[in-house]
Amino acid sequence: MLYSKRDDGYFQSIEEAEDALGEGETLDDLMLVICTPNRARPLELDYFCDELAEDDDGPPELQEAIDAFNAIIDRAPPLSWSPGKCALDVAPDALAGPSWPSPTRGETSAENLQLSGGPDA
């Protein structure tokens, strides 16, 4: 996922960003940055600490349900995306690399893209 600082909009691919270009514009003009995934946060039993009796871990079924929920969100796609801190290197040879996979937890689409600079790049 890419974010255009200029257009304040998101693109799912380089091709989609190219389609948004006006006459005489280049990808550089879009000021593209690589996005980071926003994922659901795992639950912990401590979430219910105000409801649980002191020194009580609650019913084991509750911990089993929390574990099942956490397993599901570990495999789930991102809930949304936020602009990242790395600009996309739009040099033609950088964009000719491999296509980017759908990221899983712990990965970002940046792993297969050429990066340049930092947040102000």
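Any read-out appearing in this document is the output of simple, stated calculations on the displayed coordinates, not a laboratory observation. Here the structure is a predicted model, which is why all the values come from computation and not from measurement. Glycine also receives a Cβ, built like all others from the backbone with ideal geometry; neighbour counts cover every protein chain displayed.
Taking amide hydrogens as placed 1.01 Å from N in the peptide plane, the amide H of Arg39 sits under 5 Å from those of Leu79, each at least 5 positions away in sequence or on another chain.
Counting other Cβ atoms within 10 Å as a rough exposure proxy, the listed residues Arg75, Arg39 run Arg75, Arg39 from fewest neighbours to most. Annotation: amide H of Leu88 within the under-5 Å range of Leu32, Val33, Ile34, sequence separation 5 or more or interchain, hydrogens built in the peptide plane. Annotation note: GluC sites (Glu not before Pro) in the stretch 28-81 located in DSSP loop regions with a Cβ neighbour count of at most 13 within 10 Å are Glu44, Glu51, Glu54.
Set the Förster radius R0 to 35 Å, insert the Cβ-Cβ distance between Met31 and Ile72 as r into 1/(1 + (r/R0)^6), and round the FRET efficiency to 0.05. Rounded to the nearest 0.05, the efficiency is 0.45. Fully extending the segment from Asp57 to Arg6 would add 13.3 nm, taking 0.36 nm per residue of separation and subtracting the current Cα-Cα distance. For the pair Phe48 and Leu21, the difference between a 0.36 nm per residue extended length and the Cα-Cα distance amounts to 4.7 nm.
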